[in-house]
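The values are calculated or read from the model by the stated rules, or taken from the named source; none is laboratory data. Quantities reported herein were computed from a predicted structural model and do not represent experimental measurements. So basically every Cβ, Gly included, is an ideal-geometry build from the backbone, and we count neighbours across all protein chains shown.
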Amino acid sequence: MKIAILGGSFDPPHKGHIAIARYLLKFNNFNQVWLMPCYSHPFVKNLSVPSKRLAMTKYLENDNIKVSDFEIGKKTISYSINALKYLTNKYPKNKFSWVIGEDQVKDFTKWKGWKEIINKFNLIIIPRSNFKTAEKGLENIVKQSVSSKNIILIDREKFSPIHISSTLIRKKIKEKIPISDFVPKKIEKYITERNLYQ
């Protein structure tokens, strides 16, 4: 199977994540998209409790969108290359790709094993805002890569840039602004019942 892995904090998961997964399934011929919440972030983010982020992300599951607890289960800082190596060894018949947003491009060369990710796997880049910044970062990545053919930049004319972000949602919650346009009802209920992000 062709599997795209969308890693991240999922703090909280939102409709943007669903839109990305659906696009990859429909237009990039992936059999499945795996959502992989991290346990802790290499660049030191203050994240919510891992078990709660995992529980919320599971509300996005269906037949083709799955949630992996691999990184949360390890209970250590999450590195994409480690996850890709592990999954390739465990499922040798599957072909894995890693998905990032354009907003992550500028820091991608700081990632552990970033060259190996590109040389051995596909890197899928999803449109976000600040494209000029991403374009410069992408040029830097391509210059230092052996297999730039493994970098797939999704055409923003085919997939409109995602403007929803977990940061925006948390901000709206603190300001007591409704978030029903940004997250599925089950996740909104989970957040409300537990007073998350207040």
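Results, tabulated for the structure shown:
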quantity	calculated
Considering residues of the range 155-170 that are touching a residue at least 60 places away in the same chain (Cβ under 8 Å) and not in a loop (DSSP other than H, G, I, E, B) only, the residue farthest from Glu102 (Cα to Cα)	Arg170
Sole exception among (1) crowded, with 20+ Cβ neighbours inside 10 Å; (2) more than 20 Å from Ile173 (Cα to Cα) for Lys2, by number	(1)
Selected residue (only one of Ile173, Ile152, Ile191, Ile187 is on the phi < 0 side of the Ramachandran plot and not in a helix (DSSP H, G or I))	Ile152
Candidate set: the range 6-28, residues that are without any contact (Cβ under 8 Å) to a residue 60 or more places away in the chain and among the hydrophobic types (A, V, I, L, M, F, W, C); chosen: the one farthest from Tyr190 (Cα to Cα)	Leu25
Residues that are closer than 20 Å to Ser9 by Cα and of a type in the set (D, E, K, R), drawn from the range 26-42	none
Residues within the range 29-47 that are without any contact (Cβ under 8 Å) to a residue 40 or more places away in the chain, part of a loop (DSSP other than H, G, I, E, B) and within 20 Å of Ile81 (Cα to Cα), tallied	4
Residue that is of a type in the set (D, E, K, R) and modelled with pLDDT of 95 or more, where the choices are Lys132, Lys143, Lys158, Lys171	Lys171
Residue check, Lys26 in a helix (DSSP H, G or I), closer than 26 Å to Lys120 by Cα, over 14 Å from the mean Cα position of the chain (by Cα) and not small (Gly, Ala, Ser)	yes
Close pairs from the range 99-113: first in contact (Cβ under 8 Å) with a residue 40 or more places away in the chain, partner among the charged types (D, E, K, R), Cβ under 8 Å, at least 6 apart	Gly101/Arg128; Glu102/Arg128
Subset of the range 165-178 (residues that are surrounded by 12 or more Cβ atoms within 10 Å (Cβ to Cβ) and within 19 Å of Leu54 (Cα to Cα))	Ser165, Ser166, Ile169, Arg170
Residues satisfying the stated conditions in the range 36-68, i.e. touching an Asp or Glu at 6+ places or on another chain (Cβ under 8 Å), modelled with pLDDT of 95 or more and among the aliphatic types (A, V, I, L, M)	Met36, Leu54, Val67
Some residue of the range 1-14 being assigned to a helix (DSSP H, G or I) and not hydroxyl-bearing (Ser, Thr, Tyr)	no
Of all residues making up the range 19-57, the number that are surrounded by fewer than 19 Cβ atoms within 10 Å (Cβ to Cβ), in contact with a helix residue (DSSP H, G or I) (Cβ under 8 Å, 6 or more places away or on another chain) and under 21 Å from Leu153 (Cβ atoms)	0
